[in-house]
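Working notes for the structure below.
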Amino acid sequence: MKNTIRQVFHSPKFVVGFSIFVLVLLSLFIYPLFVPGNPLQMVGLSSFSEPGTYVSVYDAIDSEPDIMKLPEADAKRLADKLNEEDRAAMKEWLLLIGIPEADIDTTDTKSLLKLWEEKYDPSLKPAGMTMAKRNYYKRLNTNLEQALNASEVVIATENAETGALEEAKVVTDTDYINTKDVINSITLPLGTDNFGRDTLKELVSAAKTSIMIGLIAGSIATFIGLSTGLLAGYIGGWVDELILFITNLFTVIPGFIILILVSYGIGQENRGATTCAIVIGFTSWTWTTRSVRSQVISLRNRDHVNLSKLSGHSLLRIILNDILPYIASYVVMALILQISTAILAEAQLSMLGLGPKTTEIPTLGLMMNWAMLYSAHTHGYWWAYFPVLLIIALISFSLNLMNTGLDQVFNPTLRD
């Protein structure tokens, strides 16, 4: 046993796959210790907030500021106010009044504003320009003037007696506060999803649930496949024919179609994570049965098995003691593949809306389903779907790499 384990951990592919899988598992169990709470709790009132640290504006106003003058601060403010559409519109105006295109650099905010201040005249009416377009340029120019000239913001409160607005505080462009002084803040490394929930916290919980589904479904499928394969391969006769008939019946009808029909028949309210895992397990055992059967057929007439028969040992003892140890490595590889297949099957089911119900716990498939329903992929909200794809890929890749490493260790034809 020790020698076998030593051989396994000398396989580079197995070690890499095992390391990736262990790192993923450790991350899934350690992160909730530092960031506890309900993964489905809505922390944002808006959809798809970008990743970053958010501080309470309300609390920031009451924080005591420090006076600082950062270089290029004004230029950054102006650059932030000028989007690509506004820059293109300014270039269009300047071209219409005869400015050479070579003199216009829309990427240089400072030179663009200088040129605009010198050349823009609201009284001009360039040929072919509509009134609405001229009004747009007037509003743009007004906004730019306000941005250039503004150096403070007055915060006013309503007088309880007179109802008049009174100056409460003046915030200047040199006022800065330390984010540590703001009482309420939240860091969202992966932003929020379409429901305003912390995507990273949700992703950690979803990955744990999907791995649990994979373990349950993989164990069920492997147990059924192993049991039927051992019986069919060793006993033979009508038992073999019956098991093969049932196996072929499930093989002819695609397993995923059966999975869809069964999941739909159960109904959404009854589809919990465990239920989905059981359904996946009971619909994905066929290839394990056929593979184990072929392995047992090659073993049932060997000398040690015949000797056990002559000794009068029971069927169960022969299978457990004389056959199963010789295919144990194959069973482990089959289990790993079944776990990986089950995780992908849950993701496929959930993307079709046939996975676990959405009100209890998230899964990786459900997160992909929510991202698709709310068009995260078309609006560029990458944090809602790309980390999910990455986790699915990492888990599947690590499990398949482990399986390949085991195959190289236990398959004589693949040994170096």
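The values are calculated or read from the model by the stated rules, or taken from the named source; none is laboratory data. Since the structure is predicted, the reported quantities are computational estimates derived from the model, not experimental observations. In this analysis, Cβ positions are derived from the backbone assuming ideal geometry, glycine residues included, and neighbour counts consider all displayed protein chains.
For the condition in a loop (DSSP other than H, G, I, E, B), basic (Lys, Arg) and either at pLDDT 80 or above or farther than 30 Å from VAL57 by Cα (or both), LYS114 does not qualify.
Being closer than 30 Å to TYR137 by Cα and free of Cβ contacts under 8 Å to residues at least 40 places away in the same chain is the filter here, so list the residues in the range 43-81 that pass it. Lay out the reasoning, then the answer.
Pass one, the range 43-81, residues closer than 30 Å to TYR137 by Cα: 71-81.
PRO71, GLU72, ALA75, LYS76, ALA79, ASP80, listed by residue number.
Yes/no matrix, rows are residues, columns are (1) farther than 30 Å from ILE61 by Cα; (2) loosely packed, with under 10 Cβ neighbours inside 10 Å:
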residue: TRP93; (1), (2): yes, no
residue: ILE97; (1), (2): yes, no
residue: THR142; (1), (2): no, no
residue: THR162; (1), (2): no, yes
residue: VAL182; (1), (2): no, no
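Of note, ILE104 satisfies the criterion of being without any contact (Cβ under 8 Å) to a residue 24 or more places away in the chain and either surrounded by 15 or more Cβ atoms within 10 Å (Cβ to Cβ) or closer than 30 Å to LEU344 by Cα (or both). Does the range 304-326 contain at least one residue that is under 26 Å from GLY255 (Cβ atoms), without any contact (Cβ under 8 Å) to a residue 60 or more places away in the chain and out of contact with any Lys or Arg (no Cβ under 7 Å at 6 or more places or on another chain)? Scanning the range 304-326 turns up no residue that is under 26 Å from GLY255 (Cβ atoms), without any contact (Cβ under 8 Å) to a residue 60 or more places away in the chain and out of contact with any Lys or Arg (no Cβ under 7 Å at 6 or more places or on another chain).
Pairs linking a residue in the range 115-138 that is under 19 Å from ARG87 (Cα atoms) to a residue that is surrounded by 14 or more Cβ atoms within 10 Å (Cβ to Cβ) and of a type in the set (S, T, N, Q), with Cβ atoms under 7 Å and 6 or more positions apart or on different chains, are TYR120/ASN141; PRO122/ASN141.
For the range 232-251, the condition of being in contact (Cβ under 8 Å) with a residue 60 or more places away in the chain, under 31 Å from the mean Cα position of the chain (by Cα) and not in a loop (DSSP other than H, G, I, E, B) holds for none of the residues.
Checking SER284 against (1) under 14 Å from GLY225 (Cα atoms); (2) outside any loop (DSSP other than H, G, I, E, B), only one condition comes out false. Which one? Here SER284 meets the rest and fails (2). In the set ALA168, ALA217, only one residue is small (Gly, Ala, Ser) and not assigned by TED's automatic domain parsing to the domain that holds GLY380; that residue is ALA168.
LEU124 falls short of the stated requirement of being in a helix (DSSP H, G or I), aliphatic (A, V, I, L, M) and either surrounded by 12 or more Cβ atoms within 10 Å (Cβ to Cβ) or not assigned by TED's automatic domain parsing to the domain that holds GLU167 (or both).
Name the helices (runs of 4 or more DSSP H) wholly within the range 353-416 that hold at least 3 residues that are crowded, with 18+ Cβ neighbours inside 10 Å? Spell out the reasoning first.
Working: elements: 364-373, 376-379, 386-410.
Here the list reads 364-373, 386-410.
Among PRO65, PRO36, PRO12, which is at pLDDT below 90, assigned by TED's automatic domain parsing to the domain that holds SER329, within 30 Å of ILE177 (Cα to Cα) and not aromatic (Phe, Trp, Tyr)? One residue alone meets the criteria, PRO36. Figure legend. Inter-residue proximity from the range 264-290: first residues at negative phi and of a type in the set (D, E, K, R), second residues crowded, with 20+ Cβ neighbours inside 10 Å and assigned to a loop (DSSP other than H, G, I, E, B), beta-carbon distance below 9 Å, spacing 6+ or different chains. Indicated pairs: ARG271/LEU354; ARG271/GLY355; ARG271/PRO356. Every listed requirement among (1) within 30 Å of LEU113 (Cβ to Cβ); (2) modelled with pLDDT of 90 or more; (3) surrounded by 14 or more Cβ atoms within 10 Å (Cβ to Cβ) is met by GLU50 save one, (3). Among the residues of the range 319-330, is any modelled with pLDDT of 90 or more and either under 18 Å from the mean Cα position of the chain (by Cα) or of a type in the set (D, E, K, R) (or both)? No: the range 319-330 contains no residue that is modelled with pLDDT of 90 or more and either under 18 Å from the mean Cα position of the chain (by Cα) or of a type in the set (D, E, K, R) (or both).
Condition check ((1) under 22 Å from VAL204 (Cα atoms); (2) not aromatic (Phe, Trp, Tyr)) across all residues:
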{"position": "VAL296", "(1), (2)": "no, yes"}
{"position": "LEU310", "(1), (2)": "no, yes"}
{"position": "HIS313", "(1), (2)": "no, yes"}
{"position": "PRO325", "(1), (2)": "no, yes"}
{"position": "LEU344", "(1), (2)": "yes, yes"}
{"position": "HIS377", "(1), (2)": "yes, yes"}
{"position": "TRP383", "(1), (2)": "yes, no"}
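Among the residues of the range 189-199, some residue qualifies, meaning at least one is surrounded by 15 or more Cβ atoms within 10 Å (Cβ to Cβ), assigned by TED's automatic domain parsing to the domain that holds THR274, assigned to a helix (DSSP H, G or I) and not aliphatic (A, V, I, L, M). Among the numbered conditions (1) farther than 30 Å from GLY237 by Cα; (2) among the hydroxyl-bearing types (Ser, Thr, Tyr); (3) at pLDDT 80 or above; (4) crowded, with 18+ Cβ neighbours inside 10 Å, the only one that THR274 does not meet is (4). When we screen ALA60, ALA79, ALA102 for residues that are more than 44 Å from the chain's Cα centre (by Cα) and either of a type outside the set (Lys, Arg) or not in a helix (DSSP H, G or I) (or both), the only hit is ALA102.
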